[in-house]
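Notes to accompany the following structure.
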């Protein structure tokens with residue numbers, strides 16, 4: 001692996017930030033009073049302002065230059081590079097967007113500035129929240145959808161190769177980039193090691209903790225996470241896969257905790273997140289754009305309410321969401337995420353600014369996984385916290401979930417409802433690391449597709465009816 005300076009490593013840590021972080025302690029302490037914190041800071045929260053801030057306000061350190069967008073193809077593999085060189089500017093930019101999993105900004109007919117990044121006014125691009133929560137569904141940008149195309153390892157590695165090229169070095173000598181403490185950025189395309197990014201940030205700010213991670217890398221339980229859709233935020237009383245964290249503006253801020261920012265600079269972003277919180281809170285789920293068999297869907301609603309509603313809630317004007325956390329031994333899904341945020345980090349979090357010094361704490365121990373709301377579920381594929389089920393059909397048929405699958409770029413499976421995929425018995429051999437990331441492997445640690453066998457209470461026709469009903473939510 002090529003050598004990079006410590007500042008470069010820190011900048012890398014910033015680029016991988018997401019909203020999946022755990023609250024981290026800041027260095028200073030709270031004033032000695034018992035006055036409840038005004039979460040809104042006396043502001044009138046504005047959804048429109050929140051969206052504007054996401055699109056225009058840089059709240060992280062730069063990851064690349066705007067001009068890099070037109071140059072990244074220069075370090076691609078020979079075949080892709082040759083294609084890019086022959087393409088016109090618009091086609092080459094589309095190839096760039098597809099390679100890194102970027103979505104076009106709403107209203108752009110051709111790819112220009114990715115939705116994932118914000119210009120800082122000095123020719124740089126800064127990661128924003130849409131990097132993980134602004135994806136494509138059936139080829140169309142859907143703000144708030146999980147980005148199921150993102151590949152941070154490919155982007156980071158290509159940027160390192162471009163810097164090597166600029167220095168007159170051989171880009172081919174640059175190995176896949178990892179984060180601080182050798183943290184992988186992602187194992188599969190469309191996913192990130194997001195939960196571990198937060199402890200990594202803490203380790204960069206706290207030398208003692210950083211030394212602990214260096215000497216004991218096994219405490220960082222790396223795993224892919226499926227970015228959840230934002231439009232279900234409003235129904236939740238607590239957030240993340242295990243509902244261990246409170247819903248507050250500060251809980252949305254860990255991605256901005258750059259080790260290159262002072263505490264004062266970091267905290268100055270808090271008013272922005274009052275508005276960003278409101279934007280997420282008001283975001284509506286997208287409507288299913290294809291035909292629905294209304295009679296079949298009505299039958300499916302009956303089976304859903306008999307079998308699924310106890311955990312996932314009911315829908316319509318009188319619908320209710322129970323916010324049920326299901327014990328791990330009941331739901332049976334992969335436990336890597338459940339184990340990843342260990343007790344000491346949670347206790348440290350509750351002493352810090354992000355948790356309002358214990359006023360809005362995270363749970364010290366997780367109880368299980370939250371049964372998620374299903375509004376807009378048609379646009380939320382792949383499914384489960386680790387994204388191991390590519391379609392609703394796979395969710396509903398536990399014994400027939402694919403072992404390995406590879407999605408198409410923009411296809412949508414209307415029959416199975418979810419990603420259009422090709423299935424495999426195992427990952428093909430002799431692939432490059434980038435090619436390997438395109439194959440979702442359920443035998444990889446943290447990516448098991450086991451569990452959630454509750455649909456097997458239904459027969460095949462009933463399952464088909466439930467899937468039809470889910471299109472209507």
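Looking at the range 385-473, what helices (runs of 4 or more DSSP H) fall wholly within it and have at least 2 residues that are modelled with pLDDT of 95 or more and loosely packed, with under 14 Cβ neighbours inside 10 Å? Step through it out loud before you land on a result.
Values: elements: 392-396, 433-437, 460-470.
Result: 460-470.
Within the range 358-372, identify whether any single residue is assigned to a helix (DSSP H, G or I) and either more than 30 Å from residue 427 (Cβ to Cβ) or more than 18 Å from the chain's Cα centre (by Cα) (or both), and answer yes or no.
Step one: of the range 358-372, the residues assigned to a helix (DSSP H, G or I) are 358.
Still in the running and either more than 30 Å from residue 427 (Cβ to Cβ) or more than 18 Å from the chain's Cα centre (by Cα) (or both): 358.
The answer is yes, given that some residue of the range 358-372 is assigned to a helix (DSSP H, G or I) and either more than 30 Å from residue 427 (Cβ to Cβ) or more than 18 Å from the chain's Cα centre (by Cα) (or both).
Could you list, in sequence order, all residues of the range 373-384 that are assigned to a loop (DSSP other than H, G, I, E, B) and touching a strand residue (DSSP E or B) at 6+ places or on another chain (Cβ under 8 Å)?
381, 382, listed by residue number.
Out of the range 163-190, which residues are assigned to a helix (DSSP H, G or I) and crowded, with 20+ Cβ neighbours inside 10 Å? Steps first, answer last, please.
Within the range 163-190, the subset assigned to a helix (DSSP H, G or I) is 163-166, 171-173, 180-182.
Listed by number, the residues that qualify are 180, 181.
For the range 256-335, which fully contained helices (runs of 4 or more DSSP H) count at least 2 residues that are in the same structural domain as residue 62 (by TED's automatic domain parsing) and within 26 Å of the chain's Cα centre (by Cα)? Working first, answer last.
Numbers: elements: 263-267, 270-282, 294-307, 309-312, 328-331.
Of the helices (runs of 4 or more DSSP H) lying wholly inside the range 256-335, those with at least 2 residues that are in the same structural domain as residue 62 (by TED's automatic domain parsing) and within 26 Å of the chain's Cα centre (by Cα) span 263-267, 270-282.
From the list 147, 193, 124, which one is at pLDDT 95 or above, surrounded by fewer than 23 Cβ atoms within 10 Å (Cβ to Cβ) and not assigned by TED's automatic domain parsing to the domain that holds residue 447? Steps first, answer last, please.
Details: 147 fails: surrounded by fewer than 23 Cβ atoms within 10 Å (Cβ to Cβ); 193 fails: surrounded by fewer than 23 Cβ atoms within 10 Å (Cβ to Cβ).
Residue meeting the stated conditions: 124.
Please verify whether residue 156 is within 15 Å of the chain's Cα centre (by Cα) and assigned by TED's automatic domain parsing to the domain that holds residue 260, treating the condition exactly as stated. Spell out the reasoning first.
Working: within 15 Å of the chain's Cα centre (by Cα): no; assigned by TED's automatic domain parsing to the domain that holds residue 260: yes.
No.
Filter the range 68-87 for residues that are under 29 Å from the mean Cα position of the chain (by Cα) and part of a helix (DSSP H, G or I) and give the result. Full working, then the answer.
Taking the range 68-87 and keeping what is under 29 Å from the mean Cα position of the chain (by Cα), we get 68-77, 80-81, 84.
Within the range 68-87, 68, 69, 70, 72, 73, 74, 75, 80, 81, 84 qualify.
The values are calculated or read from the model by the stated rules, or taken from the named source; none is laboratory data. Since this is a predicted model, take the numbers as computed values, not measurements. Glycine gets a Cβ as well: all are built from the backbone with ideal geometry, and neighbour counts include every protein chain shown.
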